[in-house]
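Below: the structure, in structure tokens.
The values are calculated or read from the model by the stated rules, or taken from the named source; none is laboratory data. Every value quoted in this text rests on a predicted model; they were computed, and no experiment measured them. Ideal geometry is used to build each Cβ from the backbone, glycine not excepted, and the neighbour counts take in all protein chains shown. Areas reflect the complete protein model, heavy atoms only, side chains present, ligands, DNA and RNA absent. Shrake-Rupley method; radii C 1.70, N 1.55, O 1.52, S 1.80 Å.
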Amino acid sequence: MLIYNVTINIDDSVHEEWLIWMKDKHIPDMLATQKFLEAKMCRVMVEEEMGGTTYSIQYKTPDRETLERYYQEDAERMRSEGNRLFPNKFMAFRTELEIINEQTL
């Protein structure tokens, strides 16, 4: 199991509009690619010197092959909509995480 983590700092001037778009459109569209099993959106609890609000969106995917298919088939389209709607209003970086262990109560 892998987590495709996208960390985004969004400018305050578009924060509310972006948050609605993420929850109502972008994350459902990501799940609709059928490359991810679930998504979790978290606010990063630090004050950024550059301002804005930072979020981590974590998409769980079953394996490297599925994530590679996302990169090849969907990533460009999924990223372009955010760039079109919120140009120069966010910074994003992506991290791949391998799940080593999961425990619950």
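Data for the structure
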read-out	value
Cα gyration tensor, segment 25-67 - rounded (a/c under 1.5), prolate or oblate	prolate
Nearest 10 degrees, 0 to 90: helix 64-73 Cα axis against the chain principal axis	50
Stokes-Einstein diffusion coefficient of the chain, Kirkwood radius over Cα pairs, 25 °C, 0.890 mPa s, in µm²/s	169
Estimated inter-spin distance, Glu76 and Leu97, nm [label 7 Å along Cα→Cβ]	2.9
Gaussian network model of the chain, springs between alpha carbon atoms under 10 Å - residue of Glu73, Glu49, Glu65 with greatest fluctuation	Glu49
Fully extended contour minus Cα-Cα distance, from Asp24 to Asn88, at 0.36 nm per residue	20.9 nm
Mean accessible surface per residue for the chain, computed with a 1.4 Å probe while every protein chain stays in place, in Å²	66
Burial ranking of peptide ranges 89-99, 25-35 (average Cβ count within 10 Å, highest at the top)	25-35, 89-99
